[in-house]
Amino acid sequence: MQESIKSILENRPALKAEIDKVAEVAGYLWQRGWAERNGGNITINITEYADDEIRTLAPISERYPIGTTLPALKGCYFFCKGTNRRMRDLARRPMENGSVIRIADDCAHYEIIADRAVKPTSELASHLSMHNQMIASGNGYKAAIHTHPIELVAMTHHAEFLKKDVLTRLLWSMIPETRAFCPKGLGIVPYKMPSSVELADATIEQLREYDVVMWEKHGVCAVGPDIIEAFDQVDVLSKSALIYIAARNMGFVPEGMSDAQMNELKEAFNL
Ligand code: 2HA
Ligand code: ZN
């Protein structure tokens, strides 16, 4: 097994453009303080860019188990941040801190095909489960992000905020953008062991209803048509959390927009 010499991105501008977006978002996560050390991960479905040459590339790793079987992923290709890699390094050198994987025909294993044998994220089971569900639902989403936004994680340390849709309503009511641009709100997954299949299963359960899912005392997952839009959802929620905290720091509980004001937005934006 030999690592490829030339990058899979060479002469593939459309694929490179998607990887450039991953690098851009990785930089934002680091700048926000949401990505300490190796914290967080990004995966994107790049199957549409897998031409005949990519499909015949020899693997550069052994076959690894996903940990679960995901039938909708047959024949799919993903770019994944590497496990134990830093988000800030992914921002500068994506192909050295992430890799392209091919899902095996049994839908339970994968192999790395480019550029280097960088093993994918420890949360691969959750990420691939999210992609499996997105493909099965036909929503056209291609990106999944997991990150550790300080204020949103802090909010999950309060039992009241873990009740269904309490946090959604609170965050929606802080500023109109959040109601408009995170229209489904956020689901909650009670604490589970990081990297576990139980966490993956609980996450996709919530994804049936929401595009953003909070992992209690750990972080956020979000999905979207591309990685920029997945990031934007977390960004607007985080902005709302900061407004709430700023108000509490000034010594008052923020009033929040009224139900009538939020419904007006719902109708205006056709949400
Ligand atoms: O990849 O964030 O949840 C590091 C993590 C695990
Ligand atoms: Zn994490």
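Within segment 169-179, the residues that satisfy the criterion of being buried (at least 20 other Cβ atoms within 10 Å of the Cβ) and either within 17 Å of G219 (Cβ to Cβ) or β-branched (V, I, T) (or both) are L171, T178.
So which strands (runs of 3 or more DSSP E) are wholly in segment 89-164 and hold at least 1 residues that are within 16 Å of ligand 1 (Cβ to nearest atom)? Break it down stepwise before answering.
Values: elements: 98-103, 109-114, 143-147.
Here the list reads 98-103, 143-147.
So which residues in segment 199-220 are over 21 Å from L271 (Cα atoms) and either within 15 Å of ligand 2 (Cβ to nearest atom) or modelled with pLDDT under 95 (or both)? Hits for segment 199-220 are L199, A200, A202, T203, M214, W215, E216, K217, H218, G219, V220. Considering (1) touching a residue at least 40 places away in the same chain (Cβ under 8 Å); (2) under 17 Å from F78 (Cα atoms); (3) open to solvent by less than 20 Å² (accessible area, probe 1.4 Å); (4) among the aliphatic types (A, V, I, L, M), the lone condition that A35 does not fulfil carries the number (2).
Residues in segment 55-75 that are touching a Leu at 6+ places or on another chain (Cβ under 9 Å) and away from ligand 1 (no atom under 15 Å from the Cβ): 5 in all. Filtering segment 180-193 to residues that are in contact (Cβ under 8 Å) with a residue 40 or more places away in the chain and out of contact with any Ser or Thr (no Cβ under 8 Å at 6 or more places or on another chain) leaves A180, F181, C182, P183. Would you confirm whether or not segment 49-62 contains a residue that is closer than 28 Å to D232 by Cβ and either of a type in the set (K, R) or open to solvent by 10 Å² or more (accessible area, probe 1.4 Å) (or both)? Yes, segment 49-62 contains a residue that is closer than 28 Å to D232 by Cβ and either of a type in the set (K, R) or open to solvent by 10 Å² or more (accessible area, probe 1.4 Å) (or both). Among the residues making up segment 205-221, a single one is surrounded by fewer than 21 Cβ atoms within 10 Å (Cβ to Cβ), in contact (Cβ under 8 Å) with a residue 60 or more places away in the chain and of a type outside the set (D, E, K, R): H218.
So which residues in segment 132-153 are of a type outside the set (S, T, N, Q), away from ligand 2 (no atom under 15 Å from the Cβ) and in contact (Cβ under 8 Å) with a residue 40 or more places away in the chain, if there are any at all? Break it down stepwise before answering.
Quick first cut of segment 132-153, residues of a type outside the set (S, T, N, Q) only: 134-136, 138, 140-146, 148-153.
Keeping just the survivors that are away from ligand 2 (no atom under 15 Å from the Cβ) gives 134-136, 138, 140-143, 151.
Across segment 132-153, the qualifying residues are M134, I135, A136, G140, Y141, K142, A143, E151.
Output yes when any residue across segment 180-195 is farther than 17 Å from S126 by Cβ and either buried (at least 18 other Cβ atoms within 10 Å of the Cβ) or within 16 Å of ligand 2 (Cβ to nearest atom) (or both), and no when none is. Yes, segment 180-195 has at least one match.
Looking only at residues that are basic (K, R), open to solvent by 20 Å² or more (accessible area, probe 1.4 Å) and closer than 14 Å to N45 by Cα in segment 64-120, which one is nearest to ligand 2 (Cβ to nearest atom)? Step through it out loud before you land on a result.
First, the residues of segment 64-120 that are basic (K, R): 74, 81, 85-86, 88, 92-93, 102, 116, 119.
Filter once more, so that each one left must be open to solvent by 20 Å² or more (accessible area, probe 1.4 Å): 74, 85-86, 88, 92-93, 102, 116, 119.
Narrowing the set further to residues that are closer than 14 Å to N45 by Cα leaves 74, 102.
On the way: K74: 28, R102: 25 Å.
Among them, the one singled out is R102.
The values are calculated or read from the model by the stated rules, or taken from the named source; none is laboratory data. None of the values given here were measured: they were computed from a predicted structure. FYI the Cβ positions are ideal-geometry reconstructions off the backbone, even for glycines, and counts take in every protein chain you see. The accessibility values were calculated without ligands, DNA or RNA, using every heavy atom of the protein model including side chains. Shrake-Rupley method; radii C 1.70, N 1.55, O 1.52, S 1.80 Å.
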